[in-house]
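What follows is calculated from the coordinates using simple rules that are stated; it is not laboratory data. The model shown is predicted, which means the values in this text are computed figures rather than measured ones. Here Cβ is always computed from backbone atoms with ideal geometry, including for glycine, and neighbour counts include all displayed protein chains.
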Amino acid sequence: MATSSIFANFNITDSKKAENFVNALDISAKETSKKSAVSNKSFVVLPNDIKSLWAKRKSK
């Protein structure tokens, strides 16, 4: 869903629809968000290490 849709203006003229909308907001505020686990490990590589790896690769 596009984030720009969050800023859309709309009018609710029916009181039942307004109540349902507020209830939906309350329910969504109470729900806990899922935490995503990162399965890929990341490594910090220094620029000099990269240069030495490329130098070894080119020398072969």
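Picking from residues in the stretch 16-60 that are of a type in the set (Gly, Ala, Ser) and surrounded by 10 or more Cβ atoms within 10 Å (Cβ to Cβ), the one that is farthest from residue 6 (Cα to Cα) is 52. Across the stretch 37-60, which residue is farthest from the chain's Cα centre (by Cα) among those that are among the polar types (S, T, N, Q) and not in a helix (DSSP H, G or I)? Among those that are among the polar types (S, T, N, Q) and not in a helix (DSSP H, G or I), it is 42. Taken over the stretch 1-15, residues that are loosely packed, with under 10 Cβ neighbours inside 10 Å and more than 22 Å from the chain's Cα centre (by Cα) amount to 6. Are any of the residues in the stretch 15-36 out of contact with any helix residue (DSSP H, G or I) (no Cβ under 7 Å at 6 or more places or on another chain), aliphatic (A, V, I, L, M), assigned to a loop (DSSP other than H, G, I, E, B) and without any contact (Cβ under 8 Å) to a residue 12 or more places away in the chain? Among the residues of the stretch 15-36, not one is out of contact with any helix residue (DSSP H, G or I) (no Cβ under 7 Å at 6 or more places or on another chain), aliphatic (A, V, I, L, M), assigned to a loop (DSSP other than H, G, I, E, B) and without any contact (Cβ under 8 Å) to a residue 12 or more places away in the chain, which makes the answer no.
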